[in-house]
Amino acid sequence: MSEPLLDVEDLRTTFHTPRGDVHAVDGVSLRLEAGRTLGVVGESGSGKSVLGRTVMGLVSSGPGVTVSGRVSLAGQDVHALAPAERRRLWGPRVAMVFQDPMTSLNPVKRVGRHIDEVLRLHLRLGRREARERTVGLLRQVGIPEPERRAGQYPHELSGGMRQRVVIAAALACGPDLLIADEPTTALDVTVQRQILDLVASLSRRSGMAVVLISHDLAAVGGRADRVAVMYGGRLVESAPTSRVFGAPRHPYTGALLASAPRLSAAPHSRLPTIEGRPPDPADPPPGCRFAPRCPRAEAVCRGGAPPLLDLAPVGGHPHEVACRLPLEAESTEVGHGR
Amino acid sequence: MSETLTDRRTATRRPDLVAWFSGTWLVVLAVLAAAAPLLPLPEHVDLTRSLTAPTLSGPDPASGHLLGTNAFGLDLFARALHGARSSLAIALAAVALGAVVGGALGILAGYLGRTVDTVVGVATNVLLAVPPLILLIALATVLEPNARNVTLALALLTVPTMVRLARANTMAFAQREFVLAARAMGASGWRVMTRELLPNVLLPVLSMAMVLISVLVVAEASLSFLGLGIQPPAPTWGNMIAEGEGRVLEEHPHVVLVPGVFLFLTVFSFNILGEKARKRWDTRSGAR
């Protein structure tokens, strides 16, 4: 296997709050090869957004925050770089798309300028060249009449169009890695699909790696090579997408899949839910974070944090699970209720 | 639905006439004031050249003194226009200075936070704690009363307001994702402040500036009235009003009324337009 583009090792992001230390990301390790797509899935507060921002270096050690561990992007330790050097990474090497296109464009700046400025800052293009590239990028992300749209203000565009603009800006300098933090949460379902397909096709075309962060398993499903499931700041399962959906080994993943509505389910049938509430990030349960809500939990689960172990058959893609009592392989399959 | 629509329409229509009048007054005044030295006006400042003119004559277009003369025979219309020159120039310069300094400090404090915010916050609170007129008088006793120093003193008065406004707006906008997005595209702190935050903070600051101009016109007039601003015989509306001291106002009310009406209409107009601008652009009204 080649040197991974992104190598995250035992990353911990801790916010020091008046209520105590919040371990938003608590020992996460990830690897992502160039051109591949990794889905990061978890519920609200599971730390997936903080993970994305820490990986990028947007969140770094400072007053109120401690980051430990290592994020290596194409061989460079992101958190060891000086702020100015890190800024040079953002745009040409790694870019980010945010959740809400309504607020991620500056309301008083014309659409085109959002992209022009990035091009002129990083690639030192002239005004004219930058505008030509901008129009090209807008066309590439499927915006009709890009010349006219570039001169409009964000409020003149629909949410989906705006997210396309954000994506165009992120792609402007041809990054190796795109971190998409819930890029479709604020959009209509039909537009969600278009945006996700757009990201997937752009990634295929330019060989760009993507970290797709979402709370929506289904959104990630068809588009990621691997899926990492987060719970309470930790990875609980990380496996090839088909394994996560077809043969999840962590009870949390299994429960998440079971609680997704299915067209094949009988009408008015009750949707299985996960009892209880997510752990308090300032005071997480000892041992496995999911233990208090886990129907399979036993005393051993409450003892210490379960290590992330590879349970894949020899020679297969790694299937890492952090559970002392994992589900049997092939025990739960997509399409069947309990 | 239709009711609220018509309500809104009349609500925006009604003050339009007043706003038009205000705008017209300010434009005409500004043009006349700017052109005052070129206009064939009777003497406004040099006592030796008004020796033959009638003193304290009432407004009479036929006499060549449109709005009458003062105790020295100087033409009141000419003095009011020349007074407008200094009043408007000082108020505009002071507001501009205050907006630039206060806006910059506010954006810095709002975006950088921490120590910068604390220092700027303490400084503005200290300034706000001193009553404005007392501050002006204190400054006037130390500084020589000329146009530059009056401008600086008045600018100092506007700085705390501008700092607070810019800081509050900066903090609100800094929470928006576009600032994070700009940082994620490699924008430095300086770039974020100048390219992302400044354009957003500019509108509320400018509309506040409109409101503050009228305050400063009055403040400048007060200083001149007290003899702490521009010194007579150079005219300003404040020291023209001061010429009505003693029995003059009783017997020749026009000496006070002429500058008074100029002052009133100007302040009124700035207020109306400033209020209109604030309603339109202030983020608090929810318009984007």
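Applying a threshold of 7 Å to beta carbon distances and a minimum spacing of six or more residues, or different chains, the list of pairs starting in region B:180-208 at a residue that is farther than 20 Å from A:Ile115 by Cβ and ending at one that is open to solvent by 20 Å² or more (accessible area, probe 1.4 Å) and in a loop (DSSP other than H, G, I, E, B) is empty. A single member of A:Leu30, A:Leu11, A:Leu5 is out of contact with any Asp or Glu (no Cβ under 8 Å at 6 or more places or on another chain), of a type in the set (A, V, I, L, M), farther than 22 Å from B:Ala181 by Cα and surrounded by 20 or more Cβ atoms within 10 Å (Cβ to Cβ), and it is A:Leu11. Among the residues of region A:132-148, which ones are more than 30 Å from the chain's Cα centre (by Cα) and within 18 Å of B:Ala182 (Cα to Cα)? Across region A:132-148, there are no qualifying residues. For region A:87-101, what are the residues that are more than 7 Å from every other protein chain (Cβ to nearest Cβ) and in a helix (DSSP H, G or I)? Listed by number, the list holds a single entry, A:Leu89.
Going by the structure shown, is A:Pro292 assigned to a loop (DSSP other than H, G, I, E, B) and open to solvent by 10 Å² or more (accessible area, probe 1.4 Å)? Outline the logic, then answer.
Details: assigned to a loop (DSSP other than H, G, I, E, B): no; open to solvent by 10 Å² or more (accessible area, probe 1.4 Å): yes.
Judged against the criteria, A:Pro292 is not a match.
When B:Arg114 is tested against (1) basic (Lys, Arg); (2) in contact (Cβ under 8 Å) with a residue 60 or more places away in the chain; (3) surrounded by fewer than 22 Cβ atoms within 10 Å (Cβ to Cβ), just one condition goes unmet, and that condition is (2).
For region B:118-201, the helices (runs of 4 or more DSSP H) that sit wholly inside it and include 3 or more residues that are closer than 30 Å to A:His122 by Cβ and within 14 Å of another protein chain (Cβ to nearest Cβ) are B:147-174, B:177-184.
Being away from chain B (no Cβ under 14 Å) and hydrophobic (A, V, I, L, M, F, W, C) narrows it down to one of A:Val78, A:Val71, A:Val65, so name that one. It would help to see each step written out before you state the result.
On the way: A:Val78 fails: away from chain B (no Cβ under 14 Å); A:Val65 fails: away from chain B (no Cβ under 14 Å).
One residue alone meets the criteria, A:Val71.
Consider A:Ser104 carefully, then state whether it is facing another protein chain (nearest Cβ under 10 Å) and assigned to a loop (DSSP other than H, G, I, E, B). Answer is yes for this residue.
Okay, residues lined up against (1) among the acidic types (Asp, Glu); (2) open to solvent by 30 Å² or more (accessible area, probe 1.4 Å); (3) part of a helix (DSSP H, G or I); (4) farther than 15 Å from A:Arg93 by Cβ:
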position: A:Ala168; (1), (2), (3), (4): no, no, yes, yes
position: A:Cys173; (1), (2), (3), (4): no, no, no, no
position: A:Leu178; (1), (2), (3), (4): no, no, no, no
position: A:Leu187; (1), (2), (3), (4): no, no, no, yes
position: A:Thr190; (1), (2), (3), (4): no, yes, yes, yes
position: A:Ile195; (1), (2), (3), (4): no, no, yes, yes
position: A:Leu198; (1), (2), (3), (4): no, no, yes, yes
position: A:Arg205; (1), (2), (3), (4): no, yes, yes, yes
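When region A:295-314 is limited to residues that are part of a loop (DSSP other than H, G, I, E, B) and aliphatic (A, V, I, L, M), the one that is most open to solvent (accessible area, probe 1.4 Å) turns out to be A:Val314. Per the conditions (1) part of a helix (DSSP H, G or I); (2) in contact (Cβ under 8 Å) with a residue 40 or more places away in the chain; (3) more than 10 Å from chain B (Cβ to nearest Cβ), the sole criterion not satisfied by A:Arg53 is (3). Scanning region A:141-176 for residues that are hydrophobic (A, V, I, L, M, F, W, C) and within 12 Å of chain B (Cβ to nearest Cβ) gives A:Val165, A:Val166, A:Ile167, A:Ala168, A:Ala169, A:Ala170, A:Leu171, A:Ala172, A:Cys173. For region A:107-140, residues that are within 14 Å of chain B (Cβ to nearest Cβ), free of Cβ contacts under 8 Å to residues at least 40 places away in the same chain and not in a helix (DSSP H, G or I) total 1.
Summed over region B:229-266, the residues that are touching a residue at least 40 places away in the same chain (Cβ under 8 Å), in a loop (DSSP other than H, G, I, E, B) and open to solvent by 20 Å² or more (accessible area, probe 1.4 Å) give a count of 6.
Conditions tested, residue by residue: (1) surrounded by 18 or more Cβ atoms within 10 Å (Cβ to Cβ); (2) under 16 Å from B:Ala219 (Cα atoms).
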{"position": "B:Ala84", "(1), (2)": "yes, yes"}
{"position": "B:Ala91", "(1), (2)": "yes, yes"}
{"position": "B:Ala96", "(1), (2)": "no, yes"}
{"position": "B:Thr118", "(1), (2)": "no, no"}
{"position": "B:Val126", "(1), (2)": "no, no"}
{"position": "B:Val142", "(1), (2)": "no, no"}
{"position": "B:Leu165", "(1), (2)": "yes, no"}
{"position": "B:Arg176", "(1), (2)": "yes, no"}
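Only one entry of A:Pro101, A:Pro83 meets the criterion of being surrounded by fewer than 16 Cβ atoms within 10 Å (Cβ to Cβ) and under 26 Å from A:Ser49 (Cα atoms), and that entry is A:Pro83.
Being within 12 Å of another protein chain (Cβ to nearest Cβ), out of contact with any Leu (no Cβ under 6 Å at 6 or more places or on another chain) and crowded, with 22+ Cβ neighbours inside 10 Å is a description that does not apply to B:Ala209.
The selection criterion, being out of contact with any strand residue (DSSP E or B) (no Cβ under 8 Å at 6 or more places or on another chain) and among the aliphatic types (A, V, I, L, M), does not hold for A:Ala305.
Looking at A:Gly45, A:Gly39 in this structure, which one is part of a strand (DSSP E or B), away from chain B (no Cβ under 14 Å) and under 30 Å from A:Ile274 (Cβ atoms)?
Values: A:Gly45 fails: part of a strand (DSSP E or B).
Just one listed residue meets the conditions, A:Gly39.
The values are calculated or read from the model by the stated rules, or taken from the named source; none is laboratory data. From a predicted model like this one, the values you see are computed outputs, not experimental measurements. Neighbour counts are summed over all protein chains in view; Cβ atoms, including those assigned to glycine, are modelled from backbone coordinates with ideal geometry. What goes into the accessible areas is simple: the full protein's heavy atoms, side chains included, and nothing from ligands, DNA or RNA. Shrake-Rupley method; radii C 1.70, N 1.55, O 1.52, S 1.80 Å.
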